[in-house]
Amino acid sequence: MTRVLFLTRYPVEGASSRYRVFQYLKHLEALGVSAEVQSFMDTPMYRLSLAPGRTGAKIWATMRATVRRLWALRHWRQYDALYLQRELLPFGPPVIEAALKKQGAVLFFDYDDALFIKKASRYNRLATALRSPDKTRDLFRLVHCVVAGNNWLRDAAVAAGAERAETLEVAEDTTRIPMHAVHSNDTAITIGWLGSPSTVKYLRFIEPVLQSLARRYPDVRWEIMGGNDFQMEGVDWQLSDWTLKGELAALARFDIGLMPLPPEDWAKGKSGGKARTYMAAGVVPVVSAMGYNLELIRHAETGFLCETPEDWESHLARAIEDAELRQRIAIAARAEVEQRFDPSAIAATMARLLKDVVDDAQRP
């Protein structure tokens, strides 16, 4: 039995922690991994973090979360490994991590975003000030193993001096997500976007295309879940707040799912979560042709890859007009996710990695 304390950034509501840790727990237990989880943010703090402003409340919540995190570490010797999903604390250098390692703790660092590239927070300057790309690179060199969401992130860790770095692709549980109804043009087509307030701004990169399509296809329905009060002139977006339960209902309404990304290195760190969720639901993904999306999507078979505005317009128009094509892509995409991203299989890879690294660290 390998005993692991998973120290996540978010509660289950946070996509990063849900996909990188929580969805594997039941499988890990069956594979001989005794897993406990302590999340830095509880649910109220997570919701607060998504709201603009309220800096004082966020400082107080961060202080309370820090106390909870440190209290959870008081019995760290009971575990064979400490698995950091992102960093231990969202501020300061990794001095606690270094002390734990010096005393014999086996440390993992799991990440699925280019945290070594500093980006400003959408909500407040405090969060921006607390972010340190150098801390991420220090953690690469400090821990026993870096677990990356894609090969680009893995290679970045190796280049920064990681002792060991492995890719663990993100699973998608198709037993959780019902398959889309048979695609048809008998009713209005819905083009949707699913995500968070911090990334909805990427729809601006294809705004002229979406405005053109809205004029060209006036019967198309447009929907955003999780984008707060996002507006776009000429496109009548229907808005709703994200919830775990509501996500499934939204995916059932979507026929086509959007995933534009900014043309910058930071986007190469994205691990395809949005596109993979569309695929699992039988929603046709239309995505930026960059980074991990190039490994995830087979163009015109499991989705569409777009480089130019002309690509976005032509591929979206094709998907809108051809229901039979959407249905073929939906079936192929769902099958790809079932075969390649099964949570039990990826959990088995994680379990082997945990045991292997722990055994290596404990070997004289």
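The values are calculated or read from the model by the stated rules, or taken from the named source; none is laboratory data. What you see is a predicted model; the values in this text were computed from it and never measured. Using ideal geometry, Cβ is built from the backbone for each residue, glycine included, and neighbour counts are taken over all protein chains shown. Side chains are part of the model used for accessible areas, which takes the heavy atoms of the whole protein and leaves out ligands, DNA and RNA. Shrake-Rupley method; radii C 1.70, N 1.55, O 1.52, S 1.80 Å.
Structure summary
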| quantity | calculated |
| --- | --- |
| The range 130-204: relative contact order in percent, alpha carbon pairs under 8 Å with at least 6 residues between | 23 percent |
| For the chain: relative contact order, % (alpha-carbon pairs under 8 angstrom, 6 or more apart) | 16 percent |
| Solvent-accessible area per residue, Å², over the range 1-154 with all protein chains present [probe radius 1.4 Å] | 45 Å² |
| Choice from G257, G56, G92 with maximal GNM fluctuation in the chain (Cα, 10 Å cutoff) | G56 |
| Most mobile listed residue (G273, G32, G227) in the chain, GNM with C-alpha springs under 10 Å | G32 |
| ³J(HN,Hα), Karplus 6.51/-1.76/1.60, whole Hz, each residue of the range 182-194, x for Gly, Pro | 3, 5, 8, 9, 6, 10, 4, 7, 10, 9, x, 9, 10 |
| Theoretical gain in end-to-end length, Y217 to R18 [0.36 nm per residue, Cα-Cα removed] | 68.0 nm |
| Length-normalised contact order for the range 51-203 - Cα pairs under 8 Å, 6+ apart - percent | 18 percent |
| Dipole of the chain [Lys/Arg +1, Asp/Glu -1 at C-beta], most positive-end residue of I206, P178, L89 | L89 |
| Gain in span if fully extended, D42 to R298, counting 0.36 nm per residue against the direct Cα distance | 88.4 nm |
| Rounded to 5, percent antiparallel among DSSP beta bridges of the chain | 0 percent |
| Cα-projected label distance for L248 with E264, points at 7 Å along beta-carbon direction, nm | 3.7 nm |
| Angle between the chain longest axis and helix 343-362 axis [Cα atoms, degrees, rounded to 10] | 20 degrees |
| Rounded to 10°, Cα long-axis angle of helix 55-72 versus longest principal axis of the chain | 50 degrees |
| Top positive-direction residue, dipole computed over the chain with Cβ charges, set G291, L115, A35 | A35 |
| Equivalent ellipsoid dimensions for the range 242-364 as semi-axes, Å, which come from the Cα gyration tensor, largest first | 32, 18, 13 |
| Spatial separation of Cα centroids for the range 24-60 and the range 203-257, in angstrom | 28 Å |
| Cα centre as origin, Lys/Arg/Asp/Glu Cβ charges: the range 1-93 dipole, Debye | 260 debye |
